[in-house]
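Student: Pasting in a structure now, in structure tokens, and then I'll have a few things to ask.
The values are calculated or read from the model by the stated rules, or taken from the named source; none is laboratory data. Because the structure is predicted, anything quoted here is derived from the model rather than measured. Note that each Cβ is placed from the backbone with ideal geometry, even for glycine, and that neighbours are counted across all protein chains shown.
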Amino acid sequence: MDLATLSSFCAGTTCSVSILYDQTANGNDLKSGLVLAAATTDNGPATANNEPAVQYWATSNGTQLPMAVTLNDDNQHPGGQWLRNRNATRAIPTGSQSQTEYMVVHAAYVGGQCCYDYGNMENHISDDGPGTMNALYFGNSNSWTQGAGAGPWAMADMENGLFAGGGSIQDPNNGNGLNVNASDPSIKYSGNNIASVLTKTNGTSTWELKVGDAATGALQTAWSGSLPTVLNPTSYIPLHQEGGLSLGEGGDGSNDCTGAFSEGVVIAGETTDATDDAIQTNLNAVYGQ
């Protein structure tokens, strides 16, 4: 990225992101409501207000790195801010295909509303039921499951539920008291407070959730085991992914959320632990400067 050109272009004004370009040959660009004004997949007012703002945070050596920031809690931006490509993606896993995703978020930008997600979503704006999406979530929501302490937490949005873990961890509305995964930590890192979040699944039975400080250190495994076994009302085993892609919203278009995104990747396959470690090492080299 040409940081000097970006900084010069945005000097003295407010910049926003209308298109987040895919850096692979698949061309899975994420577009804003303004760009999608005539598209059937758009479900909100098509104005520049839909677009995440460009802001900066400084590494320890003073390098200013950009992030796409949405500030939607408490209706600060009516209509929501999000970027989306629901029906024109390539090579995004569908059905019960295996998948790995990671994202880097600034943990100081956080909200409790639904849903600050990035990743695999329905291929249209809809809630198509359990397992039809498999995206990363970051925030304070405890409406479904949650991690340890007061949050924020990394979780997976598998539709009809944000999951801090799998197996018998269920929606607290079921009244069974099994909605907390104490191994999924509240995230607040010293210094830049920049977090890396990774999930991977074989798509048919198991998944893993890993979190870490993107600036330093290794990933921590918060969950490794079964996909959710709750019927909500149907099963999450196997997944029924639809291959849409979004940032800053849930599968049904829910976008009353806050977050700050630096990068993310969806991988068509389940990575090895060694690959996960290599991803984290590379992130440390960038965000730990």
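Student: Quick check on this structure: which one of 134, 179, 232 is buried (at least 17 other Cβ atoms within 10 Å of the Cβ), over 29 Å from residue 286 (Cβ atoms) and either modelled with pLDDT of 95 or more or out of contact with any strand residue (DSSP E or B) (no Cβ under 9 Å at 6 or more places or on another chain) (or both)?
Tutor: Just a single option satisfies the conditions, and that option is 232.
Student: Quick one: which residue in 197, 230, 211 is part of a loop (DSSP other than H, G, I, E, B), touching a residue at least 40 places away in the same chain (Cβ under 8 Å) and among the β-branched types (Val, Ile, Thr)?
Tutor: 230
Student: Shifting gears a bit: With the condition kept exactly as written, say whether any residue in region 171-178 is within 30 Å of residue 90 (Cβ to Cβ) and touching a Phe, Trp or Tyr at 6+ places or on another chain (Cβ under 6 Å).
Tutor: Looking for residues that are within 30 Å of residue 90 (Cβ to Cβ) and touching a Phe, Trp or Tyr at 6+ places or on another chain (Cβ under 6 Å), one finds none in region 171-178, hence no.
Student: Within region 198-207, can one find any residue that is within 23 Å of residue 151 (Cβ to Cβ) and out of contact with any strand residue (DSSP E or B) (no Cβ under 9 Å at 6 or more places or on another chain)?
Tutor: no
Student: Of everything in region 234-252 that's in a loop (DSSP other than H, G, I, E, B) and more than 16 Å from residue 126 (Cβ to Cβ), which residue is nearest to the chain's Cα centre (by Cα)?
Tutor: Checked region 234-252; the qualifying residue nearest to the chain's Cα centre (by Cα) is 248.
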